[in-house]
1. Quick one: LYS135 ticks every box in (1) outside the structural domain of PRO338 (by TED's automatic domain parsing); (2) modelled with pLDDT of 95 or more bar one, so which box is it?
2. If a residue has to be assigned to a helix (DSSP H, G or I) and away from the ligand (no atom under 16 Å from the Cβ) to count, how many in segment 250-270 make the cut?
3. Of all residues in segment 12-42, how many are part of a loop (DSSP other than H, G, I, E, B) and in contact (Cβ under 8 Å) with a residue 60 or more places away in the chain?
4. Can you tell which of LEU98, LEU24, LEU76 is crowded, with 21+ Cβ neighbours inside 10 Å and closer than 30 Å to THR410 by Cα?
5. Would you check if there is a residue in segment 334-357 being of a type in the set (S, T, N, Q), touching a helix residue (DSSP H, G or I) at 6+ places or on another chain (Cβ under 6 Å) and in contact (Cβ under 8 Å) with a residue 24 or more places away in the chain?
6. Going by the structure shown, is VAL140 open to solvent by less than 20 Å² (accessible area, probe 1.4 Å), on the phi < 0 side of the Ramachandran plot and not assigned by TED's automatic domain parsing to the domain that holds ALA12?
7. Of these, SER169, SER195, which one is in the same structural domain as PRO148 (by TED's automatic domain parsing) and under 20 Å from TRP248 (Cβ atoms)?
8. Sort through ARG175, ARG151, ARG129 and tell me the only one that's touching a Gly at 6+ places or on another chain (Cβ under 8 Å) and either open to solvent by 30 Å² or more (accessible area, probe 1.4 Å) or not assigned by TED's automatic domain parsing to the domain that holds VAL413 (or both).
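The values are calculated or read from the model by the stated rules, or taken from the named source; none is laboratory data. Just so it is clear, the structure is predicted and the values come from calculations on it, not from any experiment. Positions of Cβ are backbone-derived with ideal geometry, glycine not excepted, and every protein chain shown enters the neighbour counts. SASA here: full protein model, heavy atoms, side chains in, ligands and nucleic acids out. Shrake-Rupley method; radii C 1.70, N 1.55, O 1.52, S 1.80 Å.
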Amino acid sequence: MPYPYLLYVTPAGEIREDPRLQALAFGDHLLTMDDLIPLPNGVTLSMMPDRLAVGRKRNGEQQVLPQSRGWAVAALLPIGYTRTWLPAYEKVPDTEPLPFFGYSAVAGLNGRMYVAALKTDDPRKWHPRAFNRPKLERLVSEKQAAYPQNRIITQHAHCALDYSCPTASNLFFERWEMAIAVSPGCNARCIGCISKQEEEDLISPQDRLTFIPSVDEIVEVALPHLESAEDAIVSFGQGCEGEPLLQWHRIAGAIKAIRARTDKGIININTNASNPRWLQKLYDAGLDTIRVSTISGHPETYTAYYRPLGYTFDDVKESLKRARDAGLYSSINLLSFPGMIDREREVEALLTFIQETGLRLIQLRNLNIDPEVFLPRMPDPDSMGKALGMRAMIEIIKREAPDVEIGNFTRPVKRTFNGVPG
Ligand code: SF4
């Protein structure tokens with residue numbers, strides 16, 4: 001049976017294949033066609049700077065391609081796809097950490113390119129082709145002219161045009177899930193934070209928000225969206241900010257002001273769920289859905305990654321239990337790092353976490369980080385039992401928690417009033 005073979009990128013930036021070498025994934029896993037899907041539309045192929053390409057010869061020996069041949073190559077997946085294996089490579093000593101991207105293993109066969117991934121949601125609303133650039137630029141300048149004083153619009157114009165952020169762009173396209181960033185501060189210190197990094201040589205890909213919007217600014221952008229947008233969701237808690245819960249008072253005030261004027265659309269919060277009492281205020285004010293960020297159902301793994309300030313994993317669980325009891329639709333944003341979250345201990349802990357909290361949806365999120373930044377700061381994966389593989393992990397969750405949906409995005413669910421569908 002033909003084996004998928006190694007792909008690499010030349011110094012000139014061309015993707016090349018080496019059919020003499022079988023393709024490998026991180027952790028010395030030999031890729032087979034069972035691991036791979038054809039490259040999906042919207043994928044980006046990325047050179048891995050200062051990472052040499054590694055393959056396996058037919059005699060089982062590993063071979064590292066010399067620098068003169070080029071570098072390892074990875075796929076950066078479009079939203080809607082979940083990575084199942086990271087790329088294999090050999091790091092050139094004393095070189096910079098990789099930028100914060102979700103590197104996925106690739107391979108070639110019969111002249112075609114493949115990636116180690118699974119399609120886990122409908123990418124239609126998140127695909128780059130849904131965000132026509134010239135139209136976005138026109139809509140941004142029109143909205144900014146209409147609301148020159150609203151700082152949220154200025155912030156998300158920056159995110160839409162400079163980071164191609166889909167939820168920021170939807171503010172201007174006036175449809176689907178729209179971003180509202182509210183918090184410059186955070187009470188966690190995530191290893192992979194994309195808006196703030198503490199260590200000298202780690203560069204966060206986004207600038208952190210620098211202001212706290214007023215209730216009026218929030219209502220001014222949220223109300224028209226909820227009233228008229230298709231599948232309208234307004235979401236507090238974005239990549240360009242810290243933890244929205246630190247501004248619970250303003251969010252609660254905004255929710256009350258909004259719900260006094262419309263019962264349309266969904267008000268959602270993406271949060272680290274660090275404070276169940278503050279969240280209870282938002283539940284009581286009329287919040288509809290909550291998405292809690294986590295990397296694990298196990299306190300040791302959670303604490304190692306989030307490095308929480310003044311809260312514990314028990315607070316996170318308590319927040320979700322209260323959401324269930326208040327009738328909210330709750331989901332988790334499960335940061336996905338193959339080789340860790342699919343370990344026996346992690347899968348078991350996740351199933352217990354699902355049972356205890358009554359969450360309804362798991363949103364798988366490829367963790368954007370250099371493996372050699374992430375792994376040394378986490379507990380040893382080998383202490384977590386065998387790696388079952390991402391596909392097997394997803395199958396186990398489907399079997400053991402059949403009422404829990406697995407996807408990648410927040411749903412425009414039907415609003416409930418005290419737990420009763422509206
Ligand atoms: S909770 Fe969010 S903002 Fe805070 S450190 Fe983690 S990723 Fe960054």
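1. Tallying (1) outside the structural domain of PRO338 (by TED's automatic domain parsing); (2) modelled with pLDDT of 95 or more, LYS135 fails exactly one: (1).
2. Count: 9.
3. The initial filter retains those residues of segment 12-42 that are part of a loop (DSSP other than H, G, I, E, B), namely 12-14, 26-28, 31-32, 36, 39-42.
Pick out the ones that are also in contact (Cβ under 8 Å) with a residue 60 or more places away in the chain and you get 26-28, 31, 36, 39-42.
Qualifying residue count, segment 12-42: 9.
4. Working: LEU24 fails: closer than 30 Å to THR410 by Cα; LEU76 fails: crowded, with 21+ Cβ neighbours inside 10 Å.
Unique residue meeting the criteria: LEU98.
5. First pass over segment 334-357, keeping only residues of a type in the set (S, T, N, Q): 336, 352, 355, 357.
From the residues that got through so far, the ones that are touching a helix residue (DSSP H, G or I) at 6+ places or on another chain (Cβ under 6 Å) too are 357.
Applying the additional criterion that residues be in contact (Cβ under 8 Å) with a residue 24 or more places away in the chain yields 357.
Among the residues of segment 334-357, at least one is of a type in the set (S, T, N, Q), touching a helix residue (DSSP H, G or I) at 6+ places or on another chain (Cβ under 6 Å) and in contact (Cβ under 8 Å) with a residue 24 or more places away in the chain, which makes the answer yes.
6. Numbers: open to solvent by less than 20 Å² (accessible area, probe 1.4 Å): yes; on the phi < 0 side of the Ramachandran plot: yes; not assigned by TED's automatic domain parsing to the domain that holds ALA12: yes.
Yes.
7. On the way: SER169 fails: under 20 Å from TRP248 (Cβ atoms).
After ruling out the rest, the residue left standing is SER195.
8. Details: ARG175 fails: touching a Gly at 6+ places or on another chain (Cβ under 8 Å); ARG151 fails: touching a Gly at 6+ places or on another chain (Cβ under 8 Å).
Step by step, each of ARG175, ARG151, ARG129 is checked, and only ARG129 is touching a Gly at 6+ places or on another chain (Cβ under 8 Å) and either open to solvent by 30 Å² or more (accessible area, probe 1.4 Å) or not assigned by TED's automatic domain parsing to the domain that holds VAL413 (or both).
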